[in-house]
Amino acid sequence: MVWLSRRSILKGAAAFGSATLLSRHSFADASLPVLRAAPASAQLAPAGYPATPVWAYSREAAGTVPGSEIRVLAGESVRYQLVNDLPQPTAVHWHGIRIENAMDGAAPLTQATVPPGDTFDYDFVAPDPGTYWYHSHNRSTEQVARGLAGPLIVEDREPWLGEKGAATRELVLVLDDWLLDSDAGIIEDRWDDLHAASHGGRMGNTVTVNSVAYPELDIQPGERVRLRIINMATDRIMTLSLPHLSARLIALDGHPVRPRGAETLVLGPAQRADVAIDGRRDGEPSTGLMLDPGNDEWVEIASFIHSGDTVLAHNPDVRPLPAWGTLAAPDLSDPQRETLMMEGGAMRGMREARFAGKTMGFRELAANGMVWAFNGAANQMDEPMFRAALGRTVRMELTNRSMFPHAIHLHGHHFTILSQRGAANMEGDVRDTVLIGADETVEIAFVADNPGVWMIHCHMLSHQQSGMMAWFEVA
Ligand SMILES: [Cu+2]
């Protein structure tokens, strides 16, 4: 799709034809394939319920949730013309890609929003292999909740699948959380619900896997499969369990880890985990992908149905994914030190914070829709939280003084987790989004090697909308 294959030229031409009828586009580059954002429909609730009106991305005729999978090789370009056929302005963020700043889609920081009927050309290199996703980054509390998100898979140039000790196939599992009414419609009048925002965020009531409620997934007994698990929920932390499948973690947020046991996994919003599983060989036909909705009552959100020939037993050790080789190692000898202090929310709150150029008390902040702050400032977009010289190592202490967990995401960079809850992280995990529990402190470090202005925000989108948003500059 990236090199202008015959197929992509044909697709581009087809898109040109239909787009001229629908939109007032300036065709700067008519050869770009179209990624359309438009209203669509999806069967999210179990059979027997009506289909749900959603907003969806599509590369072909009809929009789907999740949006069509985009898949490239590491180092290749992702090129799409976003066509906005929504009733609202929008923009696309390519989550976790160490991208050129102008392509980051973080409206209004890195580009203007794309008005209804208009287009924007995205063209960038995806340098690092791994499991990523793309989603709306304007009014995202609403637009992601309506379905504007899809998987973005960057394949490694070095072989892994099919090698000794590796998996023989892979399966992308998109987890999402929908707030539906009794007719399976998305509940639409609570985008600015400050009660939800000051707690854990806008929680849904229907968890789906690849936008299906309780799907059955086929697996052969003993078969080794790579799961690429993506949490696309706006606010829900997915606490998962994969019993009886010898689950081993092989990557976090796209970055390889030394394989380790992963019978339970905690994925904050926007986080990803790649997990190798082995189909069970004990004759039991089924096992579940289990979710703890927060009350310790595990529910099965998908089931692995075992059928077909039994695969020869694998060595229990899983072959590690090839190392990236593209990420600069932080120099911790004399780093630039930064802090991010999170406060606000229910049960603890904050006395005051700066917002829109003045210091406000709790009530005035709430009247402006702000219930959270970073370093004493809510939604601080007029100046950067910090500036770093290009190539400098930044060591950052993130402290959560609230009663709720937060999923802090840095755009344009991946960072090493140095410590969590006071304990050194011996695994050296590298991530783009880190979950920080109530009263926890996490230390991270990264090389500020990507020039531009980059958002730093909570990926619980209700929290982002109500104050947990800022940016930093690398120059
Ligand atoms: Cu948060």
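Only the coordinates and a few stated rules stand behind these numbers; no lab work does. The structure presented is a predicted model; accordingly, all values stated were derived computationally and were not measured. Quick reminder, even Gly has a Cβ in these numbers, built from the backbone with ideal geometry, and neighbours come from all protein chains shown.
In this simple spin-label approximation, Asp181 and Leu217 carry label points 7 Å from Cα along the Cα→Cβ vector, and these lie 3.3 nm apart. Each of Ser41, Ser140 has some number of other Cβ atoms within 10 Å of its Cβ, and from fewest to most they run Ser41, Ser140. If R0 is 25 Å, the Cβ-Cβ spacing of Glu383 and Ala102 corresponds to a FRET efficiency of close to 0.75.
Tell me, what is the percent relative contact order of the chain, built from C-alpha pairs under 8 Å that lie six or more residues apart?
Numbers: 1294 pairs, mean separation 63.0, N = 475.
That works out to 13 percent.
Diagonalising the gyration tensor over the Cα atoms of segment 259-379 and scaling each eigenvalue by 5 before taking the square root yields semi-axes of 46, 25, 10 Å, largest first. Sparsely packed loop sites in segment 344-412 (the trypsin sites (Lys or Arg not before Pro) outside DSSP H, G, I, E and B with at most 10 other Cβ atoms within 10 Å) comprise Arg351. Taking 0.692 mPa s as the viscosity and 37 °C as the temperature, the Stokes-Einstein diffusion coefficient of the chain based on its alpha-carbon Kirkwood radius rounds to 143 µm²/s. Between Glu155 and Thr359, the distance separating the two model label sites (each 7 Å from Cα on the Cα→Cβ line) works out to 5.8 nm.
Compute the FRET efficiency between Asp292 and Leu171 as 1/(1 + (r/R0)^6), taking r as their Cβ-Cβ distance and R0 = 22 Å, and round to the nearest 0.05.
Details: r = 22 Å, r/R0 = 0.98.
It comes out at approximately 0.55.
Compute the Cα gyration tensor for segment 336-474, then decide on rounded, prolate or oblate, letting a ≥ b ≥ c be the square roots of its eigenvalues: rounded whenever a/c is under 1.5, prolate when a/b is larger than b/c in the other cases, and oblate in all that remain. Walk me through the numbers on the way to the answer.
Values: a/c = 2.25, a/b = 1.38, b/c = 1.62.
It comes out oblate by the Cα gyration axes.
Remind me, relative contact order of segment 321-475 in percent, using alpha carbon pairs under 8 angstrom and six or more residues apart?
Working: 372 pairs, mean separation 44.5, N = 155.
This gives 29 percent for segment 321-475.
Can you pull out the trypsin sites (Lys or Arg not before Pro) in segment 205-235 whose DSSP state is coil and whose Cβ has at most 12 other Cβ atoms within 10 Å? It would help to have the intermediate numbers written out before the result.
Numbers: sites: Arg224, Arg226, Arg228; in loops: none.
Hits after loop and neighbour filter: nothing returned.
Computing Rg and the Kirkwood Rh from the Cα coordinates of segment 388-453 gives a ratio, Rg/Rh, of 0.98. Here segment 31-146 was treated as a single set of alpha-carbon atoms; its pair distances binned every 10 Å from 0 give 14, 46, 31, 8, 1 percent.
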